[in-house]
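Worksheet for the structure shown next.
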Amino acid sequence: MSVNATIPPDLDPAYRAAAEICRSHARSFHFASRFLPGPKRDHAFAVYAFCRQLDDAADIAGSPEAIDRFTRLLEDIYGRNMCGFDDPVARAFANTVKQCKIPREHFDALAAGCRMDFTVVRYDTWKQLERYCYCVAGVVGLIMCKVFDVTSPAAQAHAVAMGNAMQLTNILRDVREDMDRGRVYLPAEDLQRFKIGPRQLAQRRWTPAFAQLMEFEVARARALYREGAQGIGYIANDGSRLTASVMAVVYGGILRAIEGLEYDVFRRRASLSTFAKLRRLPAAMRLCRCELGDDVPDVFQ
């Protein structure tokens, strides 16, 4: 079946349940998704909602057991054992992975990334953190390639870079919250570069050195956004390309919000209002007009 095939009527309630999860928990994604063609939007909601349930279950359980249940559910879905799916989101997800032909290995990588949150609380190098970003977000870029029906293998590296950029943005926004959970995602090599020791970081206090570190990390994230945006031209211009552009530019706007706090993410969480997201739509339209080989417009500042 095609990605654009109509959703079976008996699954309408399941996809509506997935859409509600996205509306409640993924405001930026839900905002961008309105530009997608109907079937692609439904599939995107199903994937997001299913993955969100995994993330929430792992956080609530506080142990890898929820991830084990997720893995067993994947075995049923990919083994075509569809009997007894009481969860409507699981039913929608099962139909989506079939219609979009999403390889199971992508979700196995996602589960591995979630497990890392229980086994790794600090990262020594950017290379190590980049691997984590790939598992929990870069691989989502590959999943979305399937949802958007992107077929060129050349698009995959750009999709991974875009996912990694968004995850690094999350990390920079959530430094305080992650530390409250006992996790420090900022690479130790970068902390050492700016002479920030564990005791100083534990104080959760802005310093000029911390601002310099955050400026460095924001620049890294923006470079990843630009690398990811070079693949925009691989996406169909049926609303899918605009959705990807809106997500990139809106999410990249969190970096500007961090800068607006003068990098003091300990004081409050950086975010964008609905009005701020709307103000970024012209930049997303500029990015959407990019074809392969075009220079990426400066929309991530």
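The values are calculated or read from the model by the stated rules, or taken from the named source; none is laboratory data. Everything numeric in this text was worked out from a predicted model, so none of it was measured. Neighbour counts run over all protein chains shown; Cβ positions are idealised from the backbone, glycine included. What goes into the accessible areas is simple: the full protein's heavy atoms, side chains included, and nothing from ligands, DNA or RNA. Shrake-Rupley method; radii C 1.70, N 1.55, O 1.52, S 1.80 Å.
Considering the stretch 201-232, the residues that are open to solvent by 20 Å² or more (accessible area, probe 1.4 Å) and of a type in the set (S, T, N, Q) include one that is farthest from Phe148 (Cα to Cα), namely Gln203. Does the stretch 222-234 contain any residue that is more than 17 Å from Leu142 (Cβ to Cβ) and of a type in the set (Asp, Glu)? No: the stretch 222-234 contains no residue that is more than 17 Å from Leu142 (Cβ to Cβ) and of a type in the set (Asp, Glu). Is there a residue in the stretch 175-185 that is part of a helix (DSSP H, G or I), modelled with pLDDT under 95, among the basic types (Lys, Arg) and open to solvent by 20 Å² or more (accessible area, probe 1.4 Å)? Looking for residues that are part of a helix (DSSP H, G or I), modelled with pLDDT under 95, among the basic types (Lys, Arg) and open to solvent by 20 Å² or more (accessible area, probe 1.4 Å), one finds none in the stretch 175-185, hence no.
In this structure, Val140 does not qualify as part of a loop (DSSP other than H, G, I, E, B), within 25 Å of Arg286 (Cβ to Cβ) and either of a type outside the set (Lys, Arg) or open to solvent by less than 20 Å² (accessible area, probe 1.4 Å) (or both). Exactly one of these conditions fails for Cys83: (1) under 16 Å from Ala137 (Cβ atoms); (2) modelled with pLDDT under 85; (3) open to solvent by 50 Å² or more (accessible area, probe 1.4 Å); (4) not polar (S, T, N, Q). Give me its number. Condition not satisfied by Cys83: (1). Residue count for the stretch 235-276 satisfying the condition of being of a type in the set (Lys, Arg) and under 17 Å from the mean Cα position of the chain (by Cα): 1. Here Leu110 meets each of (1) farther than 30 Å from Phe35 by Cα; (2) modelled with pLDDT under 95 with one exception, condition (1). Screening Ile102 on (1) within 26 Å of Leu186 (Cβ to Cβ); (2) at pLDDT 90 or above; (3) in a loop (DSSP other than H, G, I, E, B) shows it passes everything except condition (1).
Evaluate the following for Met166: is it farther than 29 Å from Asp42 by Cα, in a helix (DSSP H, G or I), among the hydrophobic types (A, V, I, L, M, F, W, C) and in contact with a helix residue (DSSP H, G or I) (Cβ under 8 Å, 6 or more places away or on another chain)? No; evaluated as a whole, the condition is false for this residue. Listed by first and then second residue, the pairs linking a residue in the stretch 225-252 that is touching a residue at least 40 places away in the same chain (Cβ under 8 Å) and over 14 Å from Arg41 (Cβ atoms) to a residue that is open to solvent by 10 Å² or more (accessible area, probe 1.4 Å) and among the acidic types (Asp, Glu), with Cβ atoms under 6 Å apart and 6 or more places separating them unless they lie on different chains, are Gly233/Glu291. Those residues that are over 15 Å from Phe31 (Cα atoms), at pLDDT below 95 and open to solvent by less than 80 Å² (accessible area, probe 1.4 Å), I need them from the stretch 251-292; list them, please. Of everything in the stretch 251-292, just one residue is over 15 Å from Phe31 (Cα atoms), at pLDDT below 95 and open to solvent by less than 80 Å² (accessible area, probe 1.4 Å), namely Cys290.
Among the residues of the stretch 89-124, those that are polar (S, T, N, Q) and open to solvent by less than 10 Å² (accessible area, probe 1.4 Å) comprise Thr96, Gln99.
Residues in the stretch 143-166 that are of a type in the set (S, T, N, Q) and surrounded by 24 or more Cβ atoms within 10 Å (Cβ to Cβ): Asn164 alone.
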